Amino acid sequence: MLLHANAGTASSGAYASEIEQLIAALASQIATDAASEASDPAVARIRAVRLLSESVGMMVLSEAVAEVNPSLADEILAATGR
């Protein structure tokens, strides 16, 4: 769900709450992953925010160019390892 810049405060608040929950879940998983070096909750949260931001950015960029340049869209997806 992407919000328009003019979305109401209630919608933005709900969106922010969902993002916070997703970041918390990702950070928890990162912190408890046996192979992770991010046992510190602050480090795990930073990594979670980075992961979410990169994932969303990758999808947005790929989708934005997919119709006019499918190979670029595929390259964006491949470069992010997803």
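Each value in this text was obtained by applying a stated rule to the coordinates, not by laboratory testing. This structure is a prediction, so every number in the text was calculated from the model and none was measured. Here the Cβ positions follow ideal geometry from the backbone for every residue, glycine too, while neighbour counts run over all protein chains shown.
Residue by residue through region 33-53, note down the ones that are assigned to a helix (DSSP H, G or I) and loosely packed, with under 13 Cβ neighbours inside 10 Å.
Correct list: Ala42, Arg50, Ser53.
Is there a residue in region 23-31 that is part of a helix (DSSP H, G or I), under 20 Å from Thr80 (Cα atoms) and among the β-branched types (Val, Ile, Thr)?
yes
Among the residues of region 64-82, which ones are surrounded by 12 or more Cβ atoms within 10 Å (Cβ to Cβ) and under 29 Å from Ser17 (Cα atoms)?
Ala64, Ile76, Leu77, Thr80
Within the bounds of region 13-22, is there any residue that is more than 17 Å from Gly81 (Cβ to Cβ), out of contact with any helix residue (DSSP H, G or I) (no Cβ under 9 Å at 6 or more places or on another chain) and surrounded by 13 or more Cβ atoms within 10 Å (Cβ to Cβ)?
Yes, region 13-22 contains a residue that is more than 17 Å from Gly81 (Cβ to Cβ), out of contact with any helix residue (DSSP H, G or I) (no Cβ under 9 Å at 6 or more places or on another chain) and surrounded by 13 or more Cβ atoms within 10 Å (Cβ to Cβ).
When you check Val56 against the structure, is it within 21 Å of Ser17 (Cα to Cα), surrounded by 14 or more Cβ atoms within 10 Å (Cβ to Cβ) and either in contact (Cβ under 8 Å) with a residue 12 or more places away in the chain or not polar (S, T, N, Q) (or both), yes or no?
The answer is no for Val56.
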